[in-house]
Amino acid sequence: RPGVDASLFAPAAGPKEFDILLAGSENDDYPVRRRLNAIVRDQARRRGWNVLDMANPAYGLDAQREYAPSLAAAKVSPTGTPRGGTSGGKLIMQYVDCSTDRVGWHGKDVFYGYDLPEVVVRDFTLPGAPSPRYLESMACKTLLLGDLPDDEPWYRDKMVPLSMQDSDEQIAGVIDHWVSNDAERERLCA
């Protein structure tokens, strides 16, 4: 699946070191991730989970360099699509014709020369769009637990969709099932 650098995001060479990795922003744009991370923090001690909490702001920028190997070292990783106040973004694409013909127009024609390369700006909405974690987790063979991205049925059989209608205890039970059942989790990740 395009969108992941497989030289960074790949399965760990050895056994999984952590039960759960928490990572990513917990701002108002990510209410699902914020809830799932809070459930994990609340239940970790009681359930005996070994949690690496990289979502803690105290980790700072160095944590980003450690993210890919940490993700690969975790059994599961909860996340959520942006569902908060995110209004959208702009995708900016630039086409540059590097032919010798175009070079000849540089400085002579504002549009065709290199003075004004073709630029296309497309608006897109972010709410419900999958976080990069959806693909990164799959590349690392770390089971992703979260909400199903809007209009993305491709993910349904490659992750464990969680219902935000369930209670915290029910969600923690689902997480615990996947942390505890190595063979079943590894089959799904494969």
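The values are calculated or read from the model by the stated rules, or taken from the named source; none is laboratory data. Note that the structure is predicted; figures quoted are calculated from it, not measured. Cβ atoms come from the backbone with ideal geometry, glycine included; neighbour counts cover every protein chain shown.
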(message) List the helices (runs of 4 or more DSSP H) inside segment 56-162, counting only whole elements, that have at least 3 residues being closer than 30 Å to Ala23 by Cβ and modelled with pLDDT of 70 or more.
(response) 62-72, 133-140
(message) Checking Gly173 against (1) assigned to a helix (DSSP H, G or I); (2) of a type in the set (Gly, Ala, Ser); (3) more than 17 Å from Val51 (Cβ to Cβ), only one condition comes out false. Which one?
(response) (3)
(message) With the structure loaded, tell me whether Pro153 is under 11 Å from Pro78 (Cα atoms) and without any contact (Cβ under 8 Å) to a residue 24 or more places away in the chain or whether it fails that test.
(response) no
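Every residue, every condition in (1) without any contact (Cβ under 8 Å) to a residue 60 or more places away in the chain; (2) farther than 15 Å from Thr79 by Cβ, yes or no:
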| site | (1), (2) |
| --- | --- |
| Pro11 | no, yes |
| Ile20 | no, no |
| Ser25 | yes, no |
| Arg34 | yes, no |
